[in-house]
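In what follows, a single structure is set out as structure tokens and then discussed.
The values are calculated or read from the model by the stated rules, or taken from the named source; none is laboratory data. Here the structure is a predicted model, which means the values were calculated and not measured. Using ideal geometry, Cβ is built from the backbone for each residue, glycine included, and neighbour counts are taken over all protein chains shown. Just so you know, the surface numbers come from the protein's heavy atoms only, side chains and all, with ligands and any DNA or RNA stripped out. Shrake-Rupley method; radii C 1.70, N 1.55, O 1.52, S 1.80 Å.
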Amino acid sequence: LVLTIDREIQAMAEDVLDQSLEDNGAVGGTIIIMEPETGEILAMAVQPRMNLNEYWTYSDIYQIGSEHELPFNRAIGTTYEPGSVFKVLTMAAGLDSGAVTPETTMLDTGTFMVGGVAIHNWDRGARGPVDMTSCMRYSLNVCLSWIANELGPTRFYEYMHRFGIGQQTRIDLSGEGNFPLAVPGDANWYEVNLGTNSFGQGVAVTPIQMITAINSVANHGKMVAPHLVRSVI
């Protein structure tokens, strides 16, 4: 097997991840580095991770059989709530559909009502008239909720489906996780979801799903399959 992993980039990613966990007091983390045009995974670092030269420590590190059992590779096997990085997808959908342009302005009053629920910015602030560039620069929840509302539920969730949210990437590794994306008509979907989903809350993705979706934006709208095997000789 010839892999896409670059050992220098992989080593760097593991060092950065380990230092970040130490600096922030975190118990786990993931770094994936992917080539947008080809889907090649250049690095995939996770913590906790085991030393493969000491394979007999597997059950201890991943706490096999306990209530705290961990996936072997959280980069593909663990879902999480992505938060603000998801805003890239909402803005891309707004721009691609023509619902907004970079010059479009909206009035940020600090609050936007969706389904009878008030959406606030992360800092509870209000910035008045803002264009779409400022919307992303200041990571405004209110602005992204407004964009999702302009798109409407049908178009918004159609775009999220096309970004692969709620679907496996089918990466060439075992154990890929997934959590279905709730859409209008589902018992667990409410009108406010349109607002909260727009900035990455109330939605679950795996790290590999998220980077694959983001890379489709970097690759001019073309989505490629993530993979680690370059060839078999």
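Summary table
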item	result
Among the residues listed as GLN168, GLN209, the single one being open to solvent by 30 Å² or more (accessible area, probe 1.4 Å) and either farther than 24 Å from VAL2 by Cα or modelled with pLDDT of 95 or more (or both)	GLN168
Of residues in segment 7-28 being among the small types (Gly, Ala, Ser) and either in a helix (DSSP H, G or I) or at pLDDT 95 or above (or both), the one surrounded by the fewest Cβ atoms within 10 Å (Cβ to Cβ)	GLY25
Cross-chain or 6+ apart pairs with Cβ under 8 Å, segment 172-190 first and surrounded by 14 or more Cβ atoms within 10 Å (Cβ to Cβ), then at pLDDT 95 or above and of a type in the set (D, E, K, R)	GLU176/ARG170
Subset tally (residues that are crowded, with 20+ Cβ neighbours inside 10 Å, hydrophobic (A, V, I, L, M, F, W, C) and over 24 Å from the mean Cα position of the chain (by Cα)) for segment 107-143	1
Among residues of segment 144-165, those that are in a loop (DSSP other than H, G, I, E, B) and open to solvent by less than 20 Å² (accessible area, probe 1.4 Å), counted	2
Residue in segment 70-79 that is at pLDDT 90 or above and farther than 20 Å from GLY175 by Cβ present	no
Residue tally, condition in a loop (DSSP other than H, G, I, E, B) and either among the aromatic types (Phe, Trp, Tyr) or in contact with a helix residue (DSSP H, G or I) (Cβ under 6 Å, 6 or more places away or on another chain) (or both), over segment 182-205	8
Residue ranges of helices (runs of 4 or more DSSP H) in segment 35-105 with at least 2 members open to solvent by 70 Å² or more (accessible area, probe 1.4 Å), out of contact with any helix residue (DSSP H, G or I) (no Cβ under 6 Å at 6 or more places or on another chain) and within 22 Å of HIS161 (Cα to Cα)	87-97
Single unsatisfied condition, SER216 versus (1) open to solvent by less than 10 Å² (accessible area, probe 1.4 Å); (2) more than 17 Å from the chain's Cα centre (by Cα); (3) among the hydroxyl-bearing types (Ser, Thr, Tyr)	(2)
Conditions (1) closer than 17 Å to THR169 by Cβ; (2) open to solvent by 30 Å² or more (accessible area, probe 1.4 Å); (3) at pLDDT 95 or above: number failed by THR4	(2)
Members of segment 171-206 that are of a type in the set (Gly, Ala, Ser) and over 26 Å from THR4 (Cβ atoms)	ALA182, GLY185, ALA187, GLY195, SER198, GLY200, GLY202, ALA204
